[in-house]
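For reference, the structure is listed below as structure tokens.
Bear in mind these aren't lab numbers, they're just calculated from the coordinates by the rules spelled out. Because the structure is a prediction, the values reported are computed rather than measured. Note: ideal-geometry Cβ built from the backbone for every residue, glycine included; neighbour counts use all protein chains shown.
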Amino acid sequence: MKVTACVVSYNTAEHLPGALESLLAQTHPDLHIVVVDNDSHDGSADVARRYGDVEVIANRTNNGFAGGANQGIARATDGAFFVLNPDVRLAPDHIANAVAAMQDNDRIAAVQGRLWRMSEADHAQPAMIDGHRMIDTTGHTAHTNRVFRNRGGGEPDDGRYDDPADIFGISGCAGLYRLDALHDVAVDGEVYDEDLFAFFEDVDLDWRLKARGWRTRYTPDATGLHERGGQFARRSRFVERLSYRNWFLVVLKNDDPVSLLRQGHLFAATTWLRTVDIAVTVPSAFALAVADDVRMAPAFLRKRAAIDARRTVDNADIVDEWFGDFDYRAWFAERFGRSTLGRKLHTTR
């Protein structure tokens, strides 16, 4: 299976060499690597050009993660598409093992590997917790309050994630997609929704794949390290604005009113928690996000109609099968000592 691997870069010159070297070291024999640089100001495109086997697309504007990833998909002619964040380091057999898992069944649209959190002291080693490697992600989980989280994130890798499994979705930090499936769920010609720009675009894609009856698979044999930092680690007005607004837009685009009303008390409670947090800590981001949601809602309702017109699985069935309870008690315990509330109530790459 041919694989096109894409790294979307924005001021990531420090991280790009590690990501590209881990891609160039992959054992999978048919791999094309593309870097899409979103008008970086730190020489990221020049760093990528040092690697002769890497195709570089240098944008003159910042098209966001969604726009950059779509440019990478456009460079893929057949087979599969692999997306990689610049702060991820893959084991050499990561893509080969992900491809093997995908080829088990032609309805598997996406494959997620097992990523460990990168050690702050040694970027070649995983962070440890309770004597075990710390999980960064083994995919996405969905919850009845419409929270989406990294499966196993922050937990010890103590054997609970040793078995392959079907999952709700995969993290956009490192994942393999079947190209035919991506084209099948595109809306208005876009695989990733470019109106989202960044944040929740991977969850949106997860949900659309489920609506068309595609499977998403976790394989523990495809491993790597994720720093989970960089430009989006800090809490900025821009990041919080996108995160808050996109959460609502993705729910509006993919959910159905009956399911949402049935679990409306849970959604309302989480909305209240997130709203209080952002309104108090980053009030300007809150105001801008609400204005964005009002302005963008009609377009996202039209996109929902397009999804519903082609869906093969009712959203109520997706919610019943994949949306689990949210452990508020564990979340509140995790909350103490942390500086942000909202960022624990959504998933990011």
Between the range 162-210 and the range 6-50, what is the separation of their alpha carbon centroids in Å? 21 Å
Anisotropy class of the chain from Cα gyration tensor, a/c 1.5 cut: rounded
Name the long-range amide H neighbours of Gly175: under 5 Å, sequence gap of 5 or more, or other chain; modelled H, no Pro or chain starts. Val83
Quick one: which residues, 5+ away or cross-chain, put their amide H under 5 Å from the amide H of His32? H built at 1.01 Å from N. Val3, Thr4, Ala5
Projecting the Cα atoms of Tyr192, Thr271, Pro220 onto the charge dipole of the chain, where Lys and Arg contribute +1 and Asp and Glu -1 at Cβ, the residue farthest towards the positive end is Thr271
Length-normalised contact order for the range 141-244 - Cα pairs under 8 Å, 6+ apart - percent: 31 percent
If you take every residue apart from Ala13 with its C-beta less than 9 Å away from the C-beta of Ala13, what net charge results, scoring Lys and Arg +1 and Asp and Glu -1? -3
Ordering of 152-158, 26-32 by packing [mean C-beta count within 10 Å, highest first]: 152-158, 26-32
Interchain or long-range residues, amide H under 5 Å from Ala165's placed H: Tyr218
Length-normalised contact order of the range 3-232 in % [C-alpha pairs under 8 Å, at least 6 apart]: 25 percent
Please work out whether the range 237-345 counts as rounded, prolate or oblate from its C-alpha gyration tensor, where a ≥ b ≥ c are the square roots of the eigenvalues and a/c under 1.5 means rounded, while otherwise a/b larger than b/c means prolate and anything else oblate? oblate
Straight-distance crosslink candidates among aspartates and glutamates, where the alpha carbon sits under 12 Å from Lys2 and sequence neighbours closer than 8 are dropped: Asp30, Asp78
If you add up the charges near Met118, with Lys and Arg at +1 and Asp and Glu at -1, over every other residue whose beta carbon is less than 12 angstrom from its beta carbon, what do you get? -1
With +1 on each Lys and Arg Cβ and -1 on each Asp and Glu Cβ, and nothing else charged, work out how big the dipole of the chain is about its Cα centre, in Debye to the nearest 20. 960 debye
Only counting other Cβ atoms within 10 Å, I'd like Met128, Met296, Met102 sorted with the fewest neighbours first. Met128, Met296, Met102
Obtain the nm distance between the two label points defined at Arg302 and Asp327 by a simple spin-label model: each point lies 7 Å from its Cα along the Cα-to-C-beta direction. 4.3 nm
